[in-house]
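The values are calculated or read from the model by the stated rules, or taken from the named source; none is laboratory data. Here the structure is a predicted model, which means the values were calculated and not measured. Please note: Cβ atoms are built from the backbone with ideal geometry, for glycine as well, and neighbour counts cover all protein chains shown. Please note that ligands, DNA and RNA were not included when accessible areas were found on the heavy atoms of the full protein model with its side chains. Shrake-Rupley method; radii C 1.70, N 1.55, O 1.52, S 1.80 Å.
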Amino acid sequence: MTDFNAMQNALVNCDKDKLVGLVNDALTDNIPAVDILNQGLIAGMDIVGDKMENGDMFIPEVLMAAQAMGECVTILKPLLGDDEAAQGSNVIIGTVKGDLHDIGKNLVSMMMESAGMTVHNLGVDIKPEDFVAQIKEKNAQIVCLSALLTTTMPMMKQTIDAIVEAGLRDQVKVMVGGAPVTQAFADEIGADGFAPDAGSAARFAKTLVA
Ligand code: B1M
């Protein structure tokens, strides 16, 4: 019997070995990878976020929890496949300048890869000019911007502005996402799309290149 609470507790306690063991046990019990991700890992990370906000967890602990989650995401990655293909689509993804959060962005990247897209994951703290350079170099059809901080959301607009200034706006679709981002914000800054989670981001990206 899979206990998602135990996974959440192991994540909050930064107990990587226990968390990996629980994830592997759940897979042995044929629990779908997407349920482990959503009900175990992402739900656990939400608790970490609450504790961080209340001062009950500090940055080094949050980083350890993030590393433990990252290891489990690597285990789940091959099992999160989506068999509808969007082959040939070239996607660039990165977390905007000033923002170091990468777990959600990596999940989006993974789901898009699973959907058959070629994803160039630029990493975190990516400057607008670097997105522009990579759009040109990779001849991207979609650029995905992630932000987890309210303070870095304006950098999404600055990145879109840089894409416009470079004369590339007509050839690339822009998707935005991350916990504080909303459809209204996406509309306001002139993005082509927003998705609230990694699965819907991959599905939406497919509609953009269809
Ligand atoms: Co940060 N942090 N953090 N942090 N951190 C938050 C975001 C926060 C909400 C915590 C809190 O206070 N409750 C808060 C932001 C508050 C705000 O802006 N209003 C916060 C803060 C304040 C900070 C610092 C400023 C703390 C400090 O230094 N005093 C600092 C900033 C550093 C920086 O970026 N410059 C900081 C640092 C860190 C760590 C480095 C310690 C670590 C990140 C490690 C890493 O990513 N490798 C960290 C973490 C782990 C978090 C929380 C706890 C968890 C984030 C996460 O990974 N969630 C977070 C609290 C929370 O979110 N509950 C918090 C799991 C992940 C799967 O979800 O990233 O939302 P998420 O991604 C989802 C969707 O949003 C969506 O799909 C994903 C999967 O479904 N999505 C997209 C994401 N990108 C998308 C793109 C798309 C579409 C969908 O299209 C392009």
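Taking the condition of being in a helix (DSSP H, G or I) and in contact with a helix residue (DSSP H, G or I) (Cβ under 8 Å, 6 or more places away or on another chain), how many residues in segment 194-210 meet it? Even if it seems obvious, please write down each step before you answer.
First, the residues of segment 194-210 that are in a helix (DSSP H, G or I): 198-209.
Going one step further and asking which of them are in contact with a helix residue (DSSP H, G or I) (Cβ under 8 Å, 6 or more places away or on another chain), we end up with 198-199, 201-202, 205.
Adding up the residues that qualify gives 5.
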Of the residues in segment 152-188, those that are open to solvent by 20 Å² or more (accessible area, probe 1.4 Å), outside any helix (DSSP H, G or I) and farther than 11 Å from Val96 by Cα come to Ala166, Gly167, Lys173, Ala179, Pro180, Thr182
Just checking, does segment 141-150 include any residue being part of a loop (DSSP other than H, G, I, E, B), under 26 Å from Glu113 (Cβ atoms) and in contact with a Leu (Cβ under 8 Å, 6 or more places away or on another chain)? yes
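Would you be able to tell me the number of residues in segment 111-121 that are away from the ligand (no atom under 12 Å from the Cβ) and in contact (Cβ under 8 Å) with a residue 12 or more places away in the chain?
Let us first name the residues in segment 111-121 that are away from the ligand (no atom under 12 Å from the Cβ), namely 113-118, 120.
Those left that are additionally in contact (Cβ under 8 Å) with a residue 12 or more places away in the chain: 114-118, 120.
So the count comes out to 6.
Run down Leu37, Leu100, Leu76, Leu41 and say which single residue is hydrophobic (A, V, I, L, M, F, W, C), in contact (Cβ under 8 Å) with a residue 24 or more places away in the chain and either under 30 Å from Ala162 (Cα atoms) or in a loop (DSSP other than H, G, I, E, B) (or both). Explain how you work it out, then say what you get.
Details: Leu37 fails: either under 30 Å from Ala162 (Cα atoms) or in a loop (DSSP other than H, G, I, E, B) (or both); Leu76 fails: either under 30 Å from Ala162 (Cα atoms) or in a loop (DSSP other than H, G, I, E, B) (or both); Leu41 fails: either under 30 Å from Ala162 (Cα atoms) or in a loop (DSSP other than H, G, I, E, B) (or both).
Result: Leu100 is the single residue among Leu37, Leu100, Leu76, Leu41 that is hydrophobic (A, V, I, L, M, F, W, C), in contact (Cβ under 8 Å) with a residue 24 or more places away in the chain and either under 30 Å from Ala162 (Cα atoms) or in a loop (DSSP other than H, G, I, E, B) (or both).
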Quiz item: Just wondering, is there one or more residues in segment 105-112 that are under 20 Å from the mean Cα position of the chain (by Cα), open to solvent by 50 Å² or more (accessible area, probe 1.4 Å) and either charged (D, E, K, R) or modelled with pLDDT of 95 or more (or both)?
Solution: no
Just one listed residue, out of Val73, Val48, Val62, is of a type in the set (A, V, I, L, M, F, W, C), within 15 Å of the ligand (Cβ to nearest atom), surrounded by 14 or more Cβ atoms within 10 Å (Cβ to Cβ) and within 30 Å of Val172 (Cβ to Cβ), and it is Val73
